[in-house]
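All remarks here apply to the structure that follows.
The values are calculated or read from the model by the stated rules, or taken from the named source; none is laboratory data. Just so it is clear, the model here is predicted, and its values are computed rather than measured. Quick reminder, even Gly has a Cβ in these numbers, built from the backbone with ideal geometry, and neighbours come from all protein chains shown.
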Amino acid sequence: MKISQISLFLENKPGHLSSVCQTLADAGISIRTLSLADTQRFGILRLIVEDWKRAKAVLEATGCVVNVTDVVATEVEDRPGGLAALLRPLEESGVNVEYMYAFALGNKGRATMVFRFDQPDAAIEILKKSGVSVLGSVNLFRPAT
């Protein structure tokens, strides 16, 4: 199952990141996970939030340019070689990972990874055939146990 992720460029200056976070907080929108990649002048902030449509509208109202991208979240065995085992069948099938990031979900013995694939539908099929748990937004937004 694909999950909608919002992305925006931020000027690499004090206050820009906190402004985005405060805007979402004021709207009552929870950030489930995020990734910030920087360059000298700009950063790319990638967010998974519970209500991406509302978050997009709220951020655009403040002047942000927001892009929506499909990503795939999976559980990965939290052990040496866990990620390598997950990636192997994707590589063998020619599916490329464009970027990825991890976050804690609260499942013992497993980490959660968010992937942007060049072929997300093919990646989901390959992962499921390999016995990998592909998570949907319902899984990501349930309270941690």
Notebook entry, point to check: Do we find that Gly15 is among the small types (Gly, Ala, Ser), surrounded by fewer than 16 Cβ atoms within 10 Å (Cβ to Cβ) and either closer than 26 Å to Val132 by Cα or at pLDDT 90 or above (or both) in this structure?
Noted result: no
Checklist line | Residue selected from segment 29-55 under the condition among the basic types (Lys, Arg) and closer than 22 Å to Asn12 by Cβ, by the criterion modelled with the lowest pLDDT | finding: Arg41
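Yes/no matrix, rows are residues, columns are (1) buried (at least 16 other Cβ atoms within 10 Å of the Cβ); (2) polar (S, T, N, Q); (3) not assigned by TED's automatic domain parsing to the domain that holds Glu11:
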residue: Val65; (1), (2), (3): no, no, no
residue: Asp78; (1), (2), (3): no, no, yes
residue: Pro89; (1), (2), (3): yes, no, yes
residue: Met113; (1), (2), (3): yes, no, yes
residue: Phe117; (1), (2), (3): yes, no, yes
Item checked: Pair list, Cβ under 7 Å, 6 or more apart: segment 50-62 residue loosely packed, with under 12 Cβ neighbours inside 10 Å, other residue of a type in the set (Val, Ile, Thr) -> Thr62/Thr23
Check: In this structure, does Ile124 turn out to be outside any helix (DSSP H, G or I), at pLDDT 90 or above and under 16 Å from Gln5 (Cβ atoms)?
Finding: no
Check: Would you say Thr112 is modelled with pLDDT of 90 or more and hydroxyl-bearing (Ser, Thr, Tyr)?
Finding: no
